[in-house]
Protein chains: 2
Amino acid sequence: MEFWFSEFHLPGLKYSLKVKECLYSGKSEYQRLDVFETEEFGRAFTLDGILMVTEKDEFVYHEMMAHLSSNIHPNPKRALVIGGGDGGTIRELARYDSFEEIHLCEIDKHVTDVCLEYFPNVAGILKSDERVKLYFEDGIKFLENKKNYYDIICIDSTDPIGPAVGLFKEDFYKLCYESLTEDGIVIAQSESPWYHLPIIKDVQDSFRKIFPISKLATASLLAYQSGFWSFSIGSKRYNPIEDFNLEKAEKIEKFTKYYNSGIHKASFVLPNYVKKIFR
Amino acid sequence: MEFWFSEFHLPGLKYSLKVKECLYSGKSEYQRLDVFETEEFGRAFTLDGILMVTEKDEFVYHEMMAHLSSNIHPNPKRALVIGGGDGGTIRELARYDSFEEIHLCEIDKHVTDVCLEYFPNVAGILKSDERVKLYFEDGIKFLENKKNYYDIICIDSTDPIGPAVGLFKEDFYKLCYESLTEDGIVIAQSESPWYHLPIIKDVQDSFRKIFPISKLATASLLAYQSGFWSFSIGSKRYNPIEDFNLEKAEKIEKFTKYYNSGIHKASFVLPNYVKKIFR
């Protein structure tokens, strides 16, 4: 018998991983959750059949979310991750001693419970670091009560379908702006340059309207559609390229598997087919 | 009825493209050749069931092979592409007026014939540019009679199985060294950093033994395993980073869809998990 998990990256593109064992399958109020032990990528976590975390490559996405943003703020004290109930982005944020509060606002507690059980190296930080506080709430409502509070906000959402639709809207980015301190920074995962350029353009257009500084970065990972992913940054004061802090990066890169001081700057260099969205 | 092409990127990872129509299927002395019209990537060309060219993403690989190498040579006159019978790398080399001779040495004439018929935008240059000469021979034997001749050699091979095995061996790289002029440059496709780090390490180790300067670059594409690909450069005189020629890049980037002046330098920045092979 063979057991395969398949995800349709596009209607005519199917990506299939051979599965040794299905470790968990459940349903929350919001979505279906599965954990597989795969032959090639170790453990994998899916939401509604879409790969969210694999042991083999999760470090890329989580390091980029946390370090592209936190590096350029000279002294970030309060961070918020919206979505990201797996805890990976928080594991990376927690590497900075400057943080006094690191909040997670995840709509679906079931996600965090499952990840705590099956992905201790990703989610464990949610229990082990006392600066971390968990809120299982709607991110949009949560932000409405937090004005001028966070130095860093990471929008660690799923694709813009289902519960994450609202996290790709301009009104939500305005809320983020208001919840940031006067020199705060927001970073949002913004999908694949190969398959979702119109989404990236929308996010970037919104950021440009709202923030004095906005940038687009990319990284090469494995488990998300096309293997090439984008990150959108909106910033009130610091420039993600010019305000890059080499000293901070050199401390962090001792622990990271993808991010390093060269990668920080190189990630903002875009291929021509991506740059054309800014014309 | 549905018709799918599937490629095993790894024994437990299957990548499947929905096919509208099979346009060609044939067998040469060396390999099986197929051309599919796919739903998502346009026309696709496979050798022994492995994707070689898709209309959607071929530009990435071909631009990087040609421009990472040709940019840093101040006045390249003679280029050789070994393998690469589809013509894509030659299409990009032909953008430089300085070339007087551009040679293709492809072991399998069938590859070029099929690509000329089904991929005119990729292979057409092989007929339309009079600087191009085609040799349908074994690359290793071909080089034995060409000493101190080429400024640029592009090793545009398939994966190191079947006819391409010899193109990943140190003895072959020594032949390339001897066939290059005193300031010549070789660039070789060297597989995926995610799946083939030991191969990349072997190629890089060989290049370091043979060439005074060697570097590794990467690019994000679609159709090759993992979507992340590597290019190894060996150079007798010019440094791929320090001798980058901005003026040449700015001329070329008017035509390219991936490569540009920023990408040239950024492509040599490696993630930590790749850098570790040099320790």
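The values are calculated or read from the model by the stated rules, or taken from the named source; none is laboratory data. Keep in mind the model is a prediction, meaning the values are calculated, not measured. Virtual Cβ from ideal backbone geometry, glycine too; neighbours counted across all protein chains shown. Remember, those area values only see protein heavy atoms, side chains included, never the ligands or the DNA or RNA. Shrake-Rupley method; radii C 1.70, N 1.55, O 1.52, S 1.80 Å.
Net charge in the neighbourhood of B:Ser235 (other residues with Cβ under 12 Å of its Cβ; Lys, Arg +1, Asp, Glu -1) is -1.
Net charge within 10 Å of A:Glu178 by Cβ-Cβ distance, Lys/Arg positive one each and Asp/Glu negative one each, not counting A:Glu178 itself?
Values: positive: A:Lys146, A:Lys147, A:Lys174; negative: A:Glu144.
Surrounding charge for A:Glu178 is +2.
When ranked by the protection proxy of mean other Cβ atoms within 10 Å per residue, highest first, what sequence do the peptides A:223-232, B:141-150 form?
Values: A:223-232: 24.1, B:141-150: 15.5.
The densest-packed peptide leads the list: A:223-232, B:141-150.
Working from Cα pairs under 8 Å separated by at least six residues, relative contact order for chain B is 15 percent. Evaluated at q = 0.25 Å⁻¹, a Debye calculation over the C-alpha positions of the stretch B:117-190 (equal weights, vacuum) places log10 I(q)/I(0) at -1.24. Phi angles of the stretch B:41-55 translate, via the Karplus equation with coefficients 6.51, -1.76, 1.60 and θ = phi - 60°, into HN-Hα couplings of 10, x, 6, 10, 10, 10, 10, 6, x, 10, 4, 10, 9, 10, 4 Hz per residue; Gly and Pro are given as x. Taking the longest Cα principal axis of chain A as reference, the axis of helix A:109-118 is set at about 70 degrees. In this structure the stretch A:59-163 gives 35 Å² per residue of accessible area when probed at 1.4 Å with all protein chains present. Of the trypsin sites (Lys or Arg not before Pro) found in the stretch B:212-266, those in coil by DSSP whose Cβ has at most 12 other Cβ atoms within 10 Å are B:Lys254. For the stretch A:1-30, a decrease in accessible area of 50 Å² or greater in the assembled protein chains relative to the isolated chain, with a 1.4 Å probe, applies to A:Trp4, A:Gly12, A:Leu13, A:Lys14. Once you have a ≥ b ≥ c as the square roots of the Cα gyration tensor eigenvalues for the stretch A:4-54, tell me rounded if a/c is under 1.5, and otherwise prolate or oblate according to whether a/b is larger than b/c. Because a/c hits 1.5 or more and a/b fails to exceed b/c, the stretch A:4-54 counts as oblate.
Carbon and sulfur together cover what percent of the accessible area of the stretch B:58-278 at a 1.4 Å probe radius?
47 percent
Between identical copies, the spacing of A:Lys109 label points, each set 7 Å from Cα toward the C-beta atom, reads 7.3 nm from nearest to farthest. The base-10 log of I(q)/I(0) for the stretch A:58-278, evaluated at q = 0.10, 0.11, 0.12 Å⁻¹, reads -0.38, -0.46, -0.56 [Debye formula, identical scatterers on Cα atoms, solvent excluded].
By how many degrees, between 0 and 90 and to the nearest 10, does the Cα long axis of helix B:170-179 differ from the longest principal axis of chain B? Orientation of helix B:170-179: about 60 degrees from the principal axis. Comment: the Cα-to-Cβ extended label point of A:Pro74, at 7 Å, lies 4.4 nm from its counterparts in the other copies, nearest first.
For A:Leu246, inter-copy separations between label points set 7 Å beyond Cα along the Cβ vector come to 1.9 nm, shortest first.
Can you pull the mean other chain C-beta count within 10 Å for peptide B:266-276?
Numbers: counts 10, 3, 2, 9, 5, 14, 12, 6, 3, 4, 1.
For peptide B:266-276, the averaged partner shielding equals 6.
Across all directions, the shadow cast by the convex hull of the protein assembly as shown built on its C-alpha atoms averages 24.9 square nanometres.
Count Lys and Arg as plus one, Asp and Glu as minus one, and take only other residues whose Cβ is under 9 Å from that of B:Tyr15; the net charge is then +1. Note on A:Glu247 and B:Lys20: their simple-model spin labels are 5.9 nm apart, each label 7 Å out from Cα toward Cβ. Axis angle, to the nearest 10 degrees, between helix B:197-210 and the longest C-alpha principal axis of chain B: 30 degrees.
Of B:Lys109/B:Lys141; A:Lys77/B:Lys276; A:Lys251/B:Lys275, which ones are farther than 21 Å apart at the Cα? Can you show the working numbers first?
Details: B:Lys109/B:Lys141 16 Å; A:Lys77/B:Lys276 32 Å; A:Lys251/B:Lys275 17 Å.
In this structure, A:Lys77/B:Lys276 lie more than 21 Å apart at Cα.
Averaged over peptide A:210-223, the number of partner chain Cβ atoms lying within 10 Å of each residue's Cβ comes to 2. On association of chains A and B, roughly 3000 Å² of accessible area becomes buried (total for both chains; probe 1.4 Å).
Charges were assigned to the Cβ only: +1 to each Lys and Arg, -1 to each Asp and Glu. The resulting dipole of the protein assembly as shown about its Cα centre is roughly 1180 debye.
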